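Only the coordinates and a few stated rules stand behind these numbers; no lab work does. In this text the structure is predicted, and so the values were computed from the model without any measurement. Quick reminder, even Gly has a Cβ in these numbers, built from the backbone with ideal geometry, and neighbours come from all protein chains shown.
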Amino acid sequence: MTLAGKRVAITGGSGGIGAAIAAEVVGRGGTVTLIGRTEARLKEAAADLGPRASYLVADVSDGAALDSALEQAGPLDHLVTAAAGGVAGPFADVPEDAVRDLFETKFWGQYRAVRAVLPRLPSDGSVLLFSGFLYRKPAVGLSAFAAVNGAIEGLVKALAVEAAPVRINALSPGRIDTLGGGEPMPDDARREYVAMAGREATLGRIGTAAEAAHGAVFLLESSYTTGVTLDVDGGLR
Ligand SMILES: NC(=O)c1ccc[n+]([C@@H]2O[C@H](COP(=O)([O-])OP(=O)(O)OC[C@H]3O[C@@H](n4cnc5c(N)ncnc54)[C@H](OP(=O)(O)O)[C@@H]3O)[C@@H](O)[C@H]2O)c1
C-alpha cells in the first residue's frame, strides 16, 4: 500500500516528528490535515507543504475541540497522533497535576482522537500512535513518560485486536533532535543533551525527525503490520 491519494490527519503536525511525517506523506502524494494549538506554526507548516496540506487549531487535551477538528478534517484514511506535552523531575517532587497534564495530552489526547476517527476509517486504514523510549529504557526524573508510554503500548496491542482489519500501531522514538513536547533548551544544555544522546545510543548519535518519520511511513504503508510498537531509537534500549 502506498500513501498516494491517502488522507492523513496528524495531531502535532506543526512541529517535530509530526511535521516530518506530514512532509513524507505529502512527498508520497497524500494529503494532510495538521492539528496543533498554535495557528501561526500550523499556517507556516502547511504553507511549506503546499496545496495538499491544510490545518485546524485544537488542543488535544480539549475533547470537544479535538472532536470538532477531526470532524472538520472530513474523510480520512490514516490518523497519526504525535501531539504531546512533557514533564520532568524527581518522582517525589513533580506535582501530581503536572503528571496528569502529561496524561491529558499523551494518553487521553491519543485515546480521544482514536475514538473520534476509528468508526469512519476504511478497512485498509490505520492509526499510528506514539510511545517513546523511556518505557524500555527508563531514566531518572522521567517516570511519568515511562508510565504513559507503557499505557499507550498496552492500548495498541488490545486495540489492534478489536479494530481489525483497521491496523493500529505505534512508533517509539529514541532521542530525536526535536522539542520532545518541551520548551527549547538553552544552547549549552542542548549541546550537552545531544552529546549524551550520542553516548547512549548504539548508533552513537541523536536521531533526526526525518529518521523517525521514515519508521512512521513504514507503519502507515505496511498492510500486514498491526499491534506493533516500532523502536526507531538508534539502538537505545
Ligand atoms: N523527540 C524525542 O526525543 C522523543 C522521544 C520519545 C518519544 N517522543 C514522542 O514523540 C511524539 C512527538 O514528539 P516531538 O519530539 O515531535 O514533539 P515536539 O517537537 O515538541 O512537537 C510537538 C507537536 O505537537 C503540538 N502539540 C503539543 N501539545 C499539543 C496539544 N496539547 N494539543 C495539540 N497539539 C500539541 C506542537 O505544536 P503546538 O505546541 O503549537 O501545539 C507540535 O506541533 C510525542 O509523543 C513524544 O512524546 C519524542
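Please name whichever of 58, 195, 3 sits farthest to the positive end of the charge dipole of the chain, dipole taken about the Cα centre and charges placed at Cβ: Lys and Arg +1, Asp and Glu -1.
The residue sitting most towards the positive pole is 3.
For a quick check: sort 199, 167 by the number of other beta carbons within 10 angstrom, fewest at the front.
199, 167
Divide by every residue of the chain the summed helix terms, -39500 (n - 2.57) for each DSSP H run of at least 4, and state the resulting mean residue ellipticity at 222 nm, rounded to the nearest 500 deg cm²/dmol.
Counting only the DSSP helices, I get -12500 deg cm²/dmol.
If you scale each eigenvalue of the Cα gyration tensor by 5 and take the root, what three semi-axes come out for the chain, rounded to whole angstrom and sorted largest first?
Each semi-axis is √(5λ); the values are 26, 19, 19 Å.
Please compute the contact order of the stretch 81-168 in relative form: average sequence separation of alpha-carbon pairs under 8 Å and at least six residues apart, divided by the residue count, as a percent. Show your work: numbers first, answer last.
On the way: 100 pairs, mean separation 30.9, N = 88.
That works out to 35 percent.
In which sequence would 168, 17 go, from the one with the fewest C-beta neighbours within 10 Å to the one with the most?
168, 17
What ranking do 103, 91 get, fewest neighbouring Cβ atoms within 10 angstrom at the top?
Lowest to highest Cβ neighbour count: 91, 103.
Could the peptides 74-80, 138-144 be put in order, highest first, of the mean number of other beta-carbon atoms found within 10 Å of their residues?
Packing order, densest peptide first, comes out as 74-80, 138-144.
Please work out how much length the chain gains when fully extended from residue 194 to residue 40, using 0.36 nm per residue of separation minus the C-alpha to C-alpha distance, in nm with one decimal.
My answer for the length gained is 52.7 nm.
If I take every Cα pair under 8 Å that is 6 or more residues apart in the chain, average their sequence separation and divide by the length, what percent do I get for the relative contact order?
20 percent
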